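The numbers here are math on the coordinates, done by the rules we state, and not lab data. Note that this is a predicted model, so its numbers are computed, not measured. Cβ coordinates were reconstructed from backbone atoms using ideal geometry, including for glycine residues, and neighbour counts include every protein chain displayed.
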Amino acid sequence: MPQEMADKPQRGKKHPDEWNRDLNPDRLAGQNIGGESEDRELGARTAHEVKRVHRGLSDFPDDELKQIPILEAGTRLRQGATYLDLDQGEFTATGGMSVEEGHAVVPKDRVHFDTWNKLVSRDTAEK
């Protein structure tokens with residue numbers, strides 16, 4: 001572990017080992033020094049693979065659907081990042097937010113801007 005990461009107060013344990021998992025289940029998630037959220041996003045399924053989303057975006061070609069990541073339920077969202085919940089609209093994540101079960105959430109920074117604009121304009125046209 002790099003020395004600069006070891007010196008950060010977030011790295012220290014605050015509870016005995018036997019209780020640490022219960023009291024801090026996601027100890028470093030959402031922290032700039034904890035890479036769990038981004039790692040999970042990189043392995044996200046695409047809109048082409050999620051049947052419900054694929055049907056809902058039937059006007060998008062398959063090659064474009066394959067480039068739209070859909071985050072898994074439980075994925076911690078990065079504070080200040082912009083996302084699109086395909087059912088509820090565009091939003092900016094706050095600390096501690098994660099993808100809820102049954103929601104299809106797309107991270108803006110992982111989608112080509114033309115595709116993002118198409119998704120957002122589709123979303124606002126339906127409302």
Meets criteria (β-branched (Val, Ile, Thr) and under 28 Å from Pro25 (Cα atoms)) for Val120: no
Positions within the stretch 96-113 being exposed (fewer than 11 other Cβ atoms within 10 Å of the Cβ) and among the small types (Gly, Ala, Ser), in sequence order: Gly102
Hits in the stretch 56-101 (condition: in a loop (DSSP other than H, G, I, E, B) and among the aliphatic types (A, V, I, L, M)): Leu57, Ile68, Leu71, Ala73, Leu77, Ala81, Leu86, Ala93, Met97, Val99
Boolean, Leu84 is over 30 Å from Pro25 (Cα atoms), of a type in the set (A, V, I, L, M, F, W, C) and either surrounded by 11 or more Cβ atoms within 10 Å (Cβ to Cβ) or touching a Gly at 6+ places or on another chain (Cβ under 8 Å) (or both): no
